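In what follows, a structure is listed as C-alpha cells, so that the remarks can point back to it.
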Amino acid sequence: MRPIPALPAAGRLHRLFRPLKAGGPARGRGLPWSIRCALGFLAALVLLAIFAPWVAPADPLAMDLGARLRPPAGFGGTLAHPFGTDALGRDLLSRVLYGARVSILIAVAGTAIGAVLGTFAGFLAARFRGLADQLLMMLVDVQAALPSLILALAVIAFLGNDLVLFVILVGLDGWERYARLSRNLVLATGSAGWVRAARMTGITGARLHLGHVLPNVAGPLVVQATLNFPGTILLETALSFLGLGVQPPATSLGQMLGDGRGLLLNAWWIAVIPGLLILATTMSVCLIGDHLRDRLDPTTGS
C-alpha cells in the first residue's frame, strides 16, 4: 500500500524560522533583526515572570510608607528601587515582575481556550454540515456582533468577579475567528487527493480529522493564535484597568496601570512602566505573528 501524500502546508511548520531564500519576501540569510529582538524580549520576559520569586528584589506586597512615591533610578531615585515605588511604598520592579507573570498566564490560558473552542467548533461545522453547520455559524455571527468588552462587563456584573470566570471570559474573545478559519480550511481540504486516499484506506471520522486534517491546517491556526494573543492581553488589561479583572492582593499589569492613572502628574512611573511593558509585549507578538503569516503564505514562495 502506498503512503498517503502529505499536504504541502504541513511541511511549512518546521521551516518557520529557517533562513529566507535570497528571492524571498524578506532578503537576508537569517531572521530579520526585528523578529530577533521580539523573540529575545519575549523570552526574557517569560523567564523573568517564571522566576519572579527568585528575581524580584523585594516582596511585591511589602509596604513602606516612608519610601512611598520614590522615582525610578536615574530620575532622582536609587538602585534600592530601580523602578521606584508606588503610593504604598511597594517596590515597583517586584510588582511588575509578578504582574507580568499573572498577565502572561491569563493571556496564554485565554488564547488557548479560544483556539481550542473555536477550532473544535469549526471542525464540527465542516464535519457534519447541514443544520449543525448553520447553528454553529449562527453562534459565530452572534459572537462577532457582540463587543467583547461589553459582554465581559455584563457577565461579571451578574455573576461576580472570579479568577476562573475571568480567564474563561478572556478566552471567549476571538473564538469565532478560529471557528471560521478552521471550518474554511477543513472544507478546502475536503476535496484534496490525500483526503480521498485516506478515506479509501478506511480512515474516517475523528481519526481522519485529528490525525491527518488538523496537522495539515495547523499552520494558519498557529498564525491566528499569535495574532489573537495581543488582543487577549489588551482585553485583560482593559478589564483590570476598570477594576473588574485581577483583584488584590494579586496584581497584573492592567491593574497596575489602573492604580497609577490618578498619579500621572506626580508619579508617572506607576502607570508608564507597566504600560510600556504591555506595549512592548503586544508589539513583539504582533511582529512574530506577521512573520509567521508571511512564512506560511503559499503565495510568498518561502
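Considering the stretch 28-44 alone, what residues qualify as being of a type in the set (Lys, Arg) and either open to solvent by less than 40 Å² (accessible area, probe 1.4 Å) or at pLDDT 90 or above (or both)? So that I can check it myself, show each step before the final result.
Taking the stretch 28-44 and keeping what is of a type in the set (Lys, Arg), we get 29, 36.
Within the stretch 28-44, 36 is the sole residue that qualifies.
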**Only listed residue being in a helix (DSSP H, G or I), open to solvent by less than 60 Å² (accessible area, probe 1.4 Å) and in contact (Cβ under 8 Å) with a residue 12 or more places away in the chain, chosen from 183, 177** = 183
**Boolean, residue 97 is among the hydrophobic types (A, V, I, L, M, F, W, C) and surrounded by fewer than 16 Cβ atoms within 10 Å (Cβ to Cβ)** = no
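Quick grid of which residues meet (1) closer than 24 Å to residue 240 by Cβ; (2) open to solvent by less than 30 Å² (accessible area, probe 1.4 Å):
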position: 82; (1), (2): yes, no
position: 92; (1), (2): yes, yes
position: 111; (1), (2): yes, yes
position: 135; (1), (2): no, no
position: 138; (1), (2): no, no
**Request:** Tell me which residues, restricted to the stretch 258-272, are within 24 Å of residue 162 (Cα to Cα), touching a residue at least 60 places away in the same chain (Cβ under 8 Å) and open to solvent by less than 50 Å² (accessible area, probe 1.4 Å).
**Result:** 260
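Can you confirm whether residue 25 is assigned to a loop (DSSP other than H, G, I, E, B) and modelled with pLDDT of 90 or more? Break it down stepwise before answering.
Details: assigned to a loop (DSSP other than H, G, I, E, B): yes; modelled with pLDDT of 90 or more: no.
Answer is no for this residue.
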**Prompt:** So is residue 88 on the phi < 0 side of the Ramachandran plot and assigned to a helix (DSSP H, G or I) or not?
**Reply:** no
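Kindly provide the set of residues from the stretch 45-66 that are part of a helix (DSSP H, G or I), open to solvent by 50 Å² or more (accessible area, probe 1.4 Å) and of a type in the set (A, V, I, L, M, F, W, C), ordered by number.
Here is the first cut: in the stretch 45-66, the residues part of a helix (DSSP H, G or I) are 45-50, 52-55, 65-66.
In the following step, the residues that additionally are open to solvent by 50 Å² or more (accessible area, probe 1.4 Å) were identified as 46-48, 50, 53-55, 65-66.
Once the filter is applied, which keeps residues that are part of a helix (DSSP H, G or I), open to solvent by 50 Å² or more (accessible area, probe 1.4 Å) and of a type in the set (A, V, I, L, M, F, W, C), the stretch 45-66 yields 46, 47, 48, 50, 54, 55, 65.
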**Filter result for residue 255 (open to solvent by 50 Å² or more (accessible area, probe 1.4 Å) and under 24 Å from residue 167 (Cα atoms))** = no
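Residues of the stretch 113-130 being open to solvent by 80 Å² or more (accessible area, probe 1.4 Å) and modelled with pLDDT of 85 or more, which ones? Please lay out each step first, then the result.
If we filter the stretch 113-130 for residues that are open to solvent by 80 Å² or more (accessible area, probe 1.4 Å), which is where we start, we get 116, 120, 127-129.
Selection gives 116, 120.
The values are calculated or read from the model by the stated rules, or taken from the named source; none is laboratory data. Small disclaimer: the values here were computed from a predicted structure and weren't measured. Cβ sites come from the backbone with ideal geometry, for glycine too, and all protein chains shown count toward neighbours. For accessibility, only protein heavy atoms count, side chains too; no ligands or nucleic acids. Shrake-Rupley method; radii C 1.70, N 1.55, O 1.52, S 1.80 Å.
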